[in-house]
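S.K.: I have a structure I would like to understand better, so I am pasting it below and will then ask my questions one at a time.
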Amino acid sequence: MPSKGEKYYVIASLGKGLRGLELLADHGELGVSAVAAHLETNRAGCHRFLLSLRDLGYVEKTEEGRYRLTFKV
């Protein structure tokens, strides 16, 4: 049940994924730890978001181990 003032239809995980895309658009290449710190989430969860976005073709992992947006975005 949503808390007071929270919209019942908001999908929090979708919001986190989109904020991750916006973050990469603003900052370019970032590592998992940097993305997690900016999003104020744990590293493991952030890593799963980035892997999902990679599998969907929205981000790619560089040789240095950082993530960046693809042209699909």
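S.K.: What number comes out for accessible area per residue over the chain if the probe is 1.4 Å? Units Å², please.
M.R.: Roughly 74 Å² per residue, with all protein chains present.
S.K.: Loop only per DSSP, at most 16 neighbouring Cβ atoms within 10 Å: give me the chymotrypsin sites (Phe, Trp or Tyr not before Pro) in the range 37-73, ordered by residue number.
M.R.: Qualifying residues, ordered by number: Phe71.
S.K.: Given a 1.4 Å probe and the protein chains all in place, what does the accessible area of Val73 round to, in Å² to the nearest 10?
M.R.: Spelled out: Val73, probe radius 1.4 Å, area about 100 Å².
S.K.: Starting from the 7 Å offset along Cα-to-Cβ, what nm value, one decimal, do you get for the label separation of Asp55 and Leu14?
M.R.: So the label points at Asp55 and Leu14 sit 1.9 nm apart.
S.K.: Something else: Given that just one value was derived from the coordinates, which of [x] 107; [y] 92; [z] 116 is volume of the Cα convex hull per residue in Å³?
M.R.: Only one listed value fits the structure, namely [x].
S.K.: In debye, nearest 20: dipole of the chain around its Cα centre with unit charges on the Cβ of K, R (+) and D, E (-)?
M.R.: Magnitude of the dipole: close to 260 debye.
S.K.: Along the Cα→Cβ direction, 7 angstrom out, place labels at Glu29 and Arg48. What is the inter-label distance in nm?
M.R.: Distance between the two pseudo-spin positions: 2.8 nm.
S.K.: Report the full-extension gain for the segment Val73 to Glu40: residue separation times 0.36 nm, less the Cα-Cα distance, to one decimal in nm.
M.R.: The Val73-Glu40 span can extend by a further 9.6 nm.
S.K.: Across the chain, where is the longest run that never hits GluC sites (Glu not before Pro) in a DSSP loop with at most 10 other C-beta atoms within 10 Å?
M.R.: 7-39
S.K.: If I compute solvent accessible area with a 1.4 Å probe over the protein chains, what percent of it on the chain is carbon and sulfur?
M.R.: Details: 2890 of 5420 Å².
The value for the chain is 53 percent carbon and sulfur by accessible area.
S.K.: If you don't mind, there's one more thing I want to ask. For a quick check of your reading of the filter: which trypsin sites (Lys or Arg not before Pro) in the chain sit in a DSSP loop and have no more than 15 other Cβ atoms within 10 Å?
M.R.: Taking the chain and a limit of 15 other Cβ atoms within 10 Å, the loop trypsin sites (Lys or Arg not before Pro) found are Lys4, Lys7, Lys72.
S.K.: Return one number: the angle in degrees, 0 to 90 and rounded to the nearest 10, between the long axis of the Cα atoms of helix 43-55 and the longest principal axis of the Cα atoms of the chain.
M.R.: 70 degrees
The values are calculated or read from the model by the stated rules, or taken from the named source; none is laboratory data. Predicted model only: the values in this text are computed from it and were never measured. Glycine also receives a Cβ, built like all others from the backbone with ideal geometry; neighbour counts cover every protein chain displayed. Heavy atoms of the whole protein, side chains included, go into the accessibility calculation; ligands, DNA and RNA do not. Shrake-Rupley method; radii C 1.70, N 1.55, O 1.52, S 1.80 Å.
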